[in-house]
Amino acid sequence: MKIVIIATTLVLGSSVLVGCSSPEMEALEVDDLEPRINGETSISGCSAYEASKINDAVDYLVSTLDSEEYSECLADAIPSGDKGDTVEDIIALLQENKPTAIRCRDAVCGSSSATGCAPVGINTESLDLQHDHVQSASVAQLAGTIVHEVMHNKGYQHFLPADGWFEPDDRFRVVRQAQQCVSSGVPWGLPRSEAPGDTELARVGGNGGAPFELTCPGDGVVRGMQVDSSSRFVNRIRLTCDGGTSGSAGEWKDSRWAYNGRCLANQVVIGIYGSADSMFGQLGMLCASEDDVIEGVADIGTRRWLGGLSNVGHEFERTCPAGMAVKRLYGRSGARIDQLSVVCEEYPVSPRGPNNPLAIMGTAVGDRRVDRCIGFGAMTGLWGSAGGEVDRIGARCSPTNSSWLNGAVYLDESAGYQSIEAFGGQGGVRFGLGDGGSDQCPAGAALIAARRSGSTGRADPRGVRPC
């Protein structure tokens with residue numbers, strides 16, 4: 001069998017960051033064949049030492065993908081390019097029962113300095129590894145390279161404009177995050193669990209419906225949830241807060257039950273659990289004592305089922321970092337609840353209130369997405385492409401420190417930062433070329449304004465020192 005790989009070759013340093021083009025591959029000569037990853041793994045073109053090392057890396061990868069630590073690492077990452085898939089979706093794809101073909105070559109993706117190469121979006125798992133990389137990398141690093149390339153097979157890739165320019169958020173792409181969590185156990189950028197002040201946990205559910213936000217007013221936190229559900233799906237949800245309830249998301253639709261769940265006295269909500277695919281089959285909440293949360297003790301006190309009786313999709317659990325409690329829910333809904341993202345804040349919380357979005361600049365067409373900075377963060381840079389219109393735009397967020405009132409904003413990578421994925425087309429001229437680019441705020445400054453011009457509303461945000 002011959003396989004033709006059609007894509008673009010891009011190499012950065014010694015790491016392959018995309019599925020890349022390669023000459024037509026010859027029929028495989030299998031040197032080693034045994035049950036592995038998710039089906040059978042065939043290894044060809046490798047020395048006995050290389051084949052043994054690849055086997056060790058595959059063993060390491062299998063063990064890692066099946067571990068709670070890997071799931072937690074991927075959920076702690078803030079990825080871009082995940083196609084709207086959840087952590088549970090991604091791990092399930094990586095554990096599919098499919099054969100995996102691994103070949104050793106002198107050059108991959110047309111380069112002797114690239115470490116690996118794979119076709120994007122195929123029905124099997126097929127990848128090339130560079131000889132020197134196999135010999136010099138640690139077993140964990142090699143396992144990371146393998147999962148990176150298999151992620152390309154599953155259809156995840158880097159953003160590839162026609163000129164092959166890497167966007168500043170490329171290191172945050174889910175192929176890189178999946179690799180990082182295998183090779184080092186730590187995600188790129190600011191982990192959700194380390195964001196100061198507040199954090200948004202990894203989303204669950206699908207991508208239908210329209211965005212919503214439910215929040216507890218003032219310094220209140222979530223004490224319970226009211227859920228309307230049918231025998232199959234969760235249809236509507238509202239929050240029970242200190243001193244009242246939030247608004248609601250979703251509709252009654254075909255609901256048969258309305259459940260008003262509350263934590264025990266002196267407990268607060270610290271997370272959710274259940275099962276979901278494009279919608280929620282089951283939903284419950286996790287509660288912990290106020291004293292434990294204040295003292296930073298990570299302990300789930302009680303679990304309370306809220307609604308839904310079907311075990312659709314994947315089971316999930318999302319829990320606030322120690323010292324935080326649930327303050328609000330972001331999500332998407334129509335007649336049912338499609339997606340949920342839990343927002344946690346340090347407890348006791350400082351009043352922050354709901355987000356107050358400004359009016360949309362330009363014509364509201366295409367898909368609507370809402371992305372926000374975590375860690376009480378502020379946008380500190382933009383990139384994208386533009387001509388007569390803004391074709392594509394993405395952003396960088398930096399968490400603010402305790403000197404925020406003096407205008408201090410973290411820009412040092414060692415402090416961690418977040419990348420908001422760029423969306424749009426490939427037209428126009430690039431702007432904002434990453435660190436030091438013309439659309440990166442100087443240290444101690446953040447974006448606080450946008451200027452509109454033209455009938456379609458061209459945005460011209462500027463970084464200025466807060467006042």
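The values are calculated or read from the model by the stated rules, or taken from the named source; none is laboratory data. This is a predicted model, so every value here is computed, not measured. Don't worry about glycine lacking a Cβ; one is built from the backbone with ideal geometry, like all the others, and counts go over all protein chains shown.
Among the residues of the range 379-395, the ones that are assigned to a strand (DSSP E or B) and either among the β-branched types (Val, Ile, Thr) or in contact (Cβ under 8 Å) with a residue 60 or more places away in the chain (or both) come to 10 in all. Counted as qualifying within the range 56-165 are the helices (runs of 4 or more DSSP H) with 3 or more residues that are more than 29 Å from residue 200 (Cβ to Cβ), namely 131-136, 139-153. Filtered by the rule that a residue be farther than 14 Å from residue 341 by Cα, out of contact with any Asp or Glu (no Cβ under 7 Å at 6 or more places or on another chain) and buried (at least 18 other Cβ atoms within 10 Å of the Cβ), the range 285-300 gives 286, 287, 289, 293. Residue 460: in contact with a Ser or Thr (Cβ under 9 Å, 6 or more places away or on another chain), among the charged types (D, E, K, R) and either crowded, with 17+ Cβ neighbours inside 10 Å or at pLDDT 70 or above (or both), yes or no? Here the answer is no, as residue 460 does not meet what is asked.
Quick check on the range 77-99. Is at least one of its residues modelled with pLDDT of 95 or more, under 28 Å from residue 385 (Cα atoms), of a type in the set (Lys, Arg) and within 21 Å of the chain's Cα centre (by Cα)? Looking through the range 77-99, none of the residues is modelled with pLDDT of 95 or more, under 28 Å from residue 385 (Cα atoms), of a type in the set (Lys, Arg) and within 21 Å of the chain's Cα centre (by Cα). Taken over the range 221-239, the residue count meeting the criterion of being closer than 22 Å to residue 325 by Cβ and in a strand (DSSP E or B) is 10. Taking the numbered list (1) touching a Gly at 6+ places or on another chain (Cβ under 7 Å); (2) in a strand (DSSP E or B) in turn, residue 208 passes all entries but (2). The residues on offer are 315, 295, and the sole one that is acidic (Asp, Glu), in contact with a strand residue (DSSP E or B) (Cβ under 7 Å, 6 or more places away or on another chain) and assigned by TED's automatic domain parsing to the domain that holds residue 268 is 315. Note on the range 378-428: among residues that are in contact with a Leu (Cβ under 6 Å, 6 or more places away or on another chain) and farther than 15 Å from residue 448 by Cβ, the one that is modelled with the lowest pLDDT is 416.
Restricting the search to the range 198-239, which residues are hydroxyl-bearing (Ser, Thr, Tyr) and either within 18 Å of residue 312 (Cα to Cα) or surrounded by fewer than 21 Cβ atoms within 10 Å (Cβ to Cβ) (or both)? Across the range 198-239, the qualifying residues are 215, 229, 230, 231.
For residue 179, the test of being modelled with pLDDT of 95 or more and in contact with a His (Cβ under 7 Å, 6 or more places away or on another chain) is passed. Of all residues in the range 316-344, those that are outside any strand (DSSP E or B) have Cβ atoms under 8 Å from Cβ atoms of residues that are of a type in the set (Ser, Thr, Tyr) and crowded, with 24+ Cβ neighbours inside 10 Å, 6 or more apart or on another chain, in 320/199; 321/199.
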